[in-house]
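Okay, so here's the structure we're looking at.
The values are calculated or read from the model by the stated rules, or taken from the named source; none is laboratory data. The structure presented is a predicted model; accordingly, all values stated were derived computationally and were not measured. A quick note on method: Cβ atoms are made from the backbone with ideal geometry, for glycine too, and the neighbour counts reach across all protein chains shown.
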Number of protein chains: 4
Amino acid sequence: VNDLRDAIKAFTEKRDWEQFHSPKNLAMALSVEVSEVVEHFQWLTQEESRNLPVNKLAEVREEIGDVMIYLTELADTLGIDPVEAAKAKLRINEEKHPATLVRGRATKYTEYS
Amino acid sequence: VNDLRDAIKAFTEKRDWEQFHSPKNLAMALSVEVSEVVEHFQWLTQEESRNLPVNKLAEVREEIGDVMIYLTELADTLGIDPVEAAKAKLRINEEKHPATLVRGRATKYTEYS
Amino acid sequence: VNDLRDAIKAFTEKRDWEQFHSPKNLAMALSVEVSEVVEHFQWLTQEESRNLPVNKLAEVREEIGDVMIYLTELADTLGIDPVEAAKAKLRINEEKHPATLVRGRATKYTEYS
Amino acid sequence: VNDLRDAIKAFTEKRDWEQFHSPKNLAMALSVEVSEVVEHFQWLTQEESRNLPVNKLAEVREEIGDVMIYLTELADTLGIDPVEAAKAKLRINEEKHPATLVRGRATKYTEYS
């Protein structure tokens, strides 16, 4: 992840693009890239989404790469380590959704059923 | 990253939530979490977005944590390593936007100016 | 629609918020509101999404209202009539996806099946 | 708006696409189309976003058309009138943000400044 962060930084600096890469703009770019992932799944059933043909999977992999690039750059610009942020958030989520209470028929998921 | 992936997997399994976490649904959840990042920046100037007060920065860090969690889980469900996918995509981007051609007044950015 | 547009304009002017409502910022706000719609559907099956309980439907109606508000304001700021834009785009889509060719097993939808 | 709704319905039925157009899928498609609007603005300054060149404005108009199409279809599938929903939500927003309290230096907008 540190290698990736440094490679992205070098990529952006070499092109003199830091001026465009404010956190506001990077957040927008991140949302655009995520939509390119969503686009692959919008008309699929959940079952189909679990069984992508290899050529589609390769396309989704590229889009996930773009999402990871912008997420890493946005986090770095704000002085945040995304992996540490995720681990910290996972601990918060552990407390918010105790396994003993939400198992299987989680309130979170079953309010519609 | 591998630790994070394993922790997320354990979190989901302990709650019996794999049934809800199809790639289609995880892509939707990822887009919802990204919007919670975007929400913090929507009314700010670019300058303000580079200088978040500490309490706002802490909130954005949590949202970035959530984005990283869903991105890691979506990628894992598809058998994709998000860091490797990003490195591969960065190499593609290097060729698509050669530094000598796009430096500073990049076509990508200057078509409006 | 014209009444709605005028009511939104009055709402924004009365609060002196035009300064924040650039097309860039309104596009971000539009995307945030759409995610609040998506959030209601992210863990549902397609079947469940067709049969929302009345309390959920009322919440989704409010979110759709917010999306329509920002879409109307963004379009107005750019001098665009959203209903006319939709009618014009529908004619383009008619030509792009001729009914005789795509009926039922539309390429657009069946590339995965 | 009623004409638009009927034209979209005819378009979808003629192609036998209702089977794919669950509220869940339409919400995803709506978010994808909104991102195509956001994409036009992601690297622009707010000032630039207020002064789009005519060729860009024509492209944004098409994307806004697509957003309006999916919003209308999603609302119709749920039995919601988007214009009425927006008017009702605007009345709620009027009460939530009283003009006398939020004028100019609105709390909503000034928490960062």
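Taken over region D:68-91, the residue count meeting the criterion of being free of Cβ contacts under 8 Å to residues at least 40 places away in the same chain and either among the polar types (S, T, N, Q) or within 7 Å of chain C (Cβ to nearest Cβ) (or both) is 8.
If you go through region D:1-58 one residue at a time, how many are more than 25 Å from C:Arg5 (Cβ to Cβ) and assigned to a loop (DSSP other than H, G, I, E, B)? Of the residues in region D:1-58, 11 are more than 25 Å from C:Arg5 (Cβ to Cβ) and assigned to a loop (DSSP other than H, G, I, E, B). In the condition set (1) surrounded by 19 or more Cβ atoms within 10 Å (Cβ to Cβ); (2) not in a helix (DSSP H, G or I), D:Leu71 is compliant with all but (2).
Flag: C:Ala27 matches the condition of being modelled with pLDDT of 95 or more and closer than 20 Å to D:Leu71 by Cα.
Within region B:74-86, take every residue that is part of a helix (DSSP H, G or I) and over 14 Å from the mean Cα position of the chain (by Cα) and give me the one that is farthest from A:Gln46 (Cα to Cα). Result: B:Glu84.
So, C:Val32, is that one out of contact with any Cys (no Cβ under 8 Å at 6 or more places or on another chain), within 7 Å of another protein chain (Cβ to nearest Cβ) and not acidic (Asp, Glu) or not? The answer is yes for C:Val32.
Among the residues of region C:35-60, how many are of a type in the set (D, E, K, R), more than 7 Å from chain D (Cβ to nearest Cβ) and farther than 19 Å from B:Leu30 by Cα? Write out each step before concluding.
Within region C:35-60, the subset of a type in the set (D, E, K, R) is C:36, C:39, C:47-48, C:50, C:56, C:59.
Within this subset, residues satisfying the condition of being more than 7 Å from chain D (Cβ to nearest Cβ) are C:36, C:39, C:47-48, C:56, C:59.
Those still in the list that are farther than 19 Å from B:Leu30 by Cα too: C:47-48, C:56, C:59.
Looking only at that region, the number is 4.
For D:Glu63, the test of being within 11 Å of the chain's Cα centre (by Cα), over 19 Å from A:Ala27 (Cβ atoms) and free of Cβ contacts under 8 Å to residues at least 40 places away in the same chain is passed.
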